[in-house]
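A short worksheet on the structure shown next.
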Amino acid sequence: HPGEVAEVLTELRDRGLGDALVFGGGVIPDADARTLKEQGVAQVFGPGSSLKAISSWLEAEVDQREDEA
């Protein structure tokens with residue numbers, strides 16, 4: 001639920017962890033997925049997303065963050 005995720009993201013920022021990579025997945029309506037991304041969720045994976053696709057995305061995201069650091 002986007003409201004609950006917003007609370008988690010706020011808590012992460014309040015604890016100085018606002019740069020944490022937050023992503024999720026499952027049966028999430030498109031409108032909610034858009035809201036989650038607007039709130040700061042890096043990626044939302046839908047049903048049927050392969051572990052290979054998720055791990056490839058995660059590896060690329062972490063590499064990019066390391067390059068930016």
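Side notes on the structure shown:
- Accessible area (Å², per residue) of the chain, counting only protein heavy atoms and a probe of 1.4 Å: 72 Å²
- Dipole magnitude for the chain: about 200 debye, using +1 per Lys or Arg Cβ and -1 per Asp or Glu Cβ, origin at the Cα centre.
- Mean separation of Cα contacts under 8 Å (6+ apart) over length of the chain, as relative contact order %: 29 percent
- Projecting the Cα atoms of S55, P29, F45 onto the charge dipole of the chain (Cβ charges, centred on the Cα centre) puts P29 farthest toward the positive pole.
- Global geometry of the chain, whether rounded, prolate or oblate, following the gyration tensor of its Cα atoms and the 1.5 cut on a/c: oblate
- Hz values of 3J(HN,Hα) by residue in region 33-46 - Karplus curve (6.51, -1.76, 1.60), Gly and Pro given as x: 4, 4, 4, 4, 5, 5, 6, x, 5, 5, 7, 10, 9, x
- When the solvent-accessible area of region 13-69 is split by element, carbon and sulfur atoms take up 51 percent of it, the probe being 1.4 Å.
- Taking amide H as placed 1.01 Å from N in the peptide plane, the amide H of G25 sits under 5 Å from that of F45, each at least 5 places away or on another chain.
- Cβ crowding within 10 Å averaged over residues, with 58-69, 29-40, 12-23 ranked highest first: 29-40, 12-23, 58-69
- Whole-Hz Karplus values for region 7-24 come out as 5, 5, 5, 4, 4, 4, 4, 4, 9, x, 10, x, 8, 4, 7, 10, 8, x Hz, taken residue by residue from phi with 6.51 cos²θ - 1.76 cosθ + 1.60 and θ = phi - 60°; glycine and proline positions read x.
The values are calculated or read from the model by the stated rules, or taken from the named source; none is laboratory data. This is a predicted model, so every value here is computed, not measured. Here the Cβ is made from the backbone with ideal geometry for all residues, glycine too, and neighbour counts use every protein chain on show. Heads up: the accessible areas ignore ligands, DNA and RNA and are worked out on the full protein's heavy atoms, side chains in. Shrake-Rupley method; radii C 1.70, N 1.55, O 1.52, S 1.80 Å.
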